[in-house]
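Structure first, then comments.
The values are calculated or read from the model by the stated rules, or taken from the named source; none is laboratory data. Only a predicted model underlies this, so the values are computations on that prediction, with no experimental measurement involved. Neighbour counts run over all protein chains shown; Cβ positions are idealised from the backbone, glycine included.
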Amino acid sequence: MTDFNLRSALLSACLLLAACSEAPPVFHETERPLRLSDWQLFAVDAEELVPSESSVVFRPNNPLFTDYAHKLRTLWIPSGLQADISQGEIDYPVGTILSKTFYYPRAENATLAKVADTGKQTVSLSDNQLIETRLLVRKSGGWDAFPYVWNDEQTEAFLRVAGASKAVSLSTQTEPRDNRFHLFRS
């Protein structure tokens, strides 16, 4: 292969890869988007909720109990920026977005199940019910919270600033259990 053909093939491959990569998440400094999808933090299709390629999925050493819900946590820092340690604490740059998505696994009979959270990297929509995604966004004036509640079709989550709760019936190996998931209050 000649140098010209090799360079042409490499350029074509780079353009193809760039075209296939997803759009990065969007930081909203002043807006309060009504739809979670406006942040571009997740891809949602008929099968799965998948965090952005540029987000880091993490699991804290000491996760807090939240009404038996499972959690998918992500961290996104805008390209070219990084967090620093200042006086023993993490100082995240403006534009940082932390997310926590709450969901319940489905049992074989389509009811929601009370089972151990194994810390998944994505959420299968056929095997789980999305409830809420909470965003903490580092803005120039400090942190701002955005609670998004998922629709029943699991296609979109909408900003919900008023406090509320959602009835959830969980099944265990021995018996069903009624529970209330308390949605975030901002």
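Structure notes:
- Hey, Leu64 at pLDDT 90 or above and hydrophobic (A, V, I, L, M, F, W, C) or not: no
- Sole residue being within 22 Å of Leu49 (Cα to Cα), within 18 Å of the chain's Cα centre (by Cα) and at pLDDT below 65, chosen from Phe158, Phe184, Phe146: Phe184
- Looking only at residues of the range 52-86 that are among the aliphatic types (A, V, I, L, M) and not in a loop (DSSP other than H, G, I, E, B), we find that the one that is surrounded by the most Cβ atoms within 10 Å (Cβ to Cβ) is Leu72.
- Pick from the range 110-143, criterion in a loop (DSSP other than H, G, I, E, B) and either touching a Gly at 6+ places or on another chain (Cβ under 6 Å) or among the acidic types (Asp, Glu) (or both), ranking: modelled with the lowest pLDDT: Asp117
- Residues that are within 25 Å of Trp143 (Cβ to Cβ), surrounded by fewer than 11 Cβ atoms within 10 Å (Cβ to Cβ) and modelled with pLDDT under 95 do occur in the range 6-23, at least one of them.
- Residue within the range 117-134 that is touching a residue at least 24 places away in the same chain (Cβ under 8 Å), over 26 Å from Asp152 (Cα atoms) and not β-branched (Val, Ile, Thr) present: no
- Residue selection: Pro105 satisfies the criterion of being buried (at least 17 other Cβ atoms within 10 Å of the Cβ), over 14 Å from the mean Cα position of the chain (by Cα) and in contact (Cβ under 8 Å) with a residue 24 or more places away in the chain.
- Members of the range 34-51 found to be buried (at least 20 other Cβ atoms within 10 Å of the Cβ) and either of a type in the set (D, E, K, R) or within 9 Å of the chain's Cα centre (by Cα) (or both), listed by number: Leu41, Phe42, Leu49, Pro51
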